[in-house]
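Everything on this sheet refers to the single structure shown next.
The values are calculated or read from the model by the stated rules, or taken from the named source; none is laboratory data. All values derive from a computational prediction rather than experimental measurement. Every residue, glycine among them, receives a Cβ derived from its backbone with ideal geometry; neighbour counts consider all protein chains shown. Just the protein is used for accessible areas: all its heavy atoms, side chains included, with ligands, DNA and RNA removed. Shrake-Rupley method; radii C 1.70, N 1.55, O 1.52, S 1.80 Å.
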Protein chains: 4
Amino acid sequence: MLAFARERDWEQFHTPKNLSMALAAEAAELMENFLWMTPEDSLQAVNEPGRRTNVENELADVVIYALQFANRTGIDLATAITEKMAQNARKYPVEKARGRSEKYTEL
Amino acid sequence: MLAFARERDWEQFHTPKNLSMALAAEAAELMENFLWMTPEDSLQAVNEPGRRTNVENELADVVIYALQFANRTGIDLATAITEKMAQNARKYPVEKARGRSEKYTEL
Amino acid sequence: MLAFARERDWEQFHTPKNLSMALAAEAAELMENFLWMTPEDSLQAVNEPGRRTNVENELADVVIYALQFANRTGIDLATAITEKMAQNARKYPVEKARGRSEKYTEL
Amino acid sequence: MLAFARERDWEQFHTPKNLSMALAAEAAELMENFLWMTPEDSLQAVNEPGRRTNVENELADVVIYALQFANRTGIDLATAITEKMAQNARKYPVEKARGRSEKYTEL
């Protein structure tokens, strides 16, 4: 990804602001696949051949921009994820959060 | 991540529709850090201590939801990214795209 | 709204790029109220007193930024809406679209 | 707009959850017009003929979904906006906020 951007002299456009916008735009395009469906129907819809290719591409775009953001800002993504999962485990203890979708502030 | 969701009986909420919404919401929160800045200023702002922790957490959330989406839908993320990068290389040949930020349809 | 921005010397920040980011961020915050719910449950949830105030505020923020965007770019919003509704009526004729949520390209 | 949705029997899809997703998706499409530009360049770009039509359509979509959300939830949008502007005036007093883009918690 770094080589891809460098060869095209695109690092000038790849600021944190712009990469976060691109990430948000791709996440919205992924979401658009499921706009008017029930959550259950989305489980089947993701397997329809035409839609699946689009979903794979949009999900890839999301992760590509997330990795470029991490590259550009020097964020160690593995560490950031490990720490966030530990935070989430503290915010949502199993005994309080089981089977509930409320935010931790409402548990 | 799979264990985390299973222990809390959260797989019922983790449909493609809902996970894509959560991903889009976290991407928007990452973006909010840079709302009124110039793109150049966002390069410095990402290093301010308080903001950096928030940025790391929001980026982690984005990737966590992307991985949960891949888990839930059986998408092979590494393959999807490799294929999307190959597509991007065809859409944006170096000689046409160098130093330009236009969409491939306008190059 | 124009007076509010001018008194604070905020017009320098209110470019189309920045206003569209703010609009997208507020739309995501509105959406976050309904993240893990079924669509049906969201009809009741919007009436819970605490949530309703938040939903009203986020919806107001969305429309405030949409109006500021229109002000700043000189877009006549009433005309734009009338024309878009006419386009939608052509894309989604009643006889083809009734009771269906597919995109017009798939009807 | 109410007639448009009713004629197509679309009210079943127009829950707060789904309408907020559609709104967020359209806001992201509006934002995509300005992805890699500087904020200043976006002021000119919005006047390019092809882009302007797209921007007008996406902004119209945003406001259409905001109005449908208000219709469906019984939110009085004029009151919600007036109250939010009053809140904003308290959060951002002119003497503290003039020329500054920080969040009210950082002023």
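Values computed for the structure shown
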item: Gap separating the Cα centres of segment D:30-82 and segment A:1-35, nearest whole Å; result: 21 Å
item: For C:Asn71, inter-copy label distances in nm, listed shortest first [label point 7 Å out on the Cα-Cβ vector]; result: 2.7, 4.1, 4.6
item: Accessible surface of the protein assembly as shown, 1.4 Å probe, proportion on carbon and sulfur as whole %; result: 48 percent
item: Computed over chain B: relative contact order in percent, which uses C-alpha pairs under 8 Å that are six or more apart; result: 33 percent
item: Residue of chain D nearest the D-to-C rotation axis [by Cβ], rounded angstrom distance; result: D:Ala27, 2
item: Tensor-based shape of segment D:1-83 (alpha-carbon gyration tensor, a/c under 1.5 rounded, otherwise prolate or oblate); result: prolate
item: Solvent-accessible area of D:Phe69 with every protein chain in place, 1.4 Å probe, in Å² to the nearest 10; result: 0 Å²
item: Accessible surface buried once D binds C (1.4 Å probe; total of both sides; Å²); result: 5200 Å²
item: Extreme residue, positive dipole direction of segment B:1-80, given options B:Ala24, B:Ile75, B:Thr38 (C-beta unit charges); result: B:Ile75
item: Residue order for D:Lys96, B:Lys84, D:Lys91 - accessible surface, 1.4 angstrom probe, largest first; result: D:Lys96, D:Lys91, B:Lys84
item: Other copies of C:Arg52: label-to-label distances in nm, shortest first, labels 7 Å along the beta-carbon direction; result: 4.3, 4.5, 4.6
item: Listed residues B:Glu29, A:Glu95, B:Glu102 arranged by accessible area, highest first, probe 1.4 Å; result: A:Glu95, B:Glu102, B:Glu29
item: B:Met1 accessible area, assembled protein chains, probe 1.4 Å, Å²; result: 60 Å²
item: Copy-to-copy label separations for D:Arg90, where each label sits 7 Å from Cα toward Cβ, in nm and ascending; result: 3.3, 4.8, 5.8
item: Accessible area in square angstrom per residue, the protein assembly as shown, 1.4 angstrom probe; result: 44 Å²
item: Accessible area (Å², 1.4 Å probe, nearest 10) - B:Val94; result: 40 Å²
item: Computed helical MRE - 222 nm, chain B, DSSP H runs ≥ 4 contributing -39500 (n - 2.57), nearest 500; result: -21500 deg cm²/dmol
item: Average other protein chain Cβ within 10 Å of Cβ, residues A:88-100; result: 3
item: Column: log10 I(q)/I(0), Debye, Cα scatterers of the protein assembly as shown, q = 0.09, 0.11 Å⁻¹; result: -0.56, -0.87
item: Sequence of C:Thr105, D:Thr79, D:Thr38 when ordered by accessible area, the most exposed leading, probe 1.4 angstrom; result: C:Thr105, D:Thr79, D:Thr38
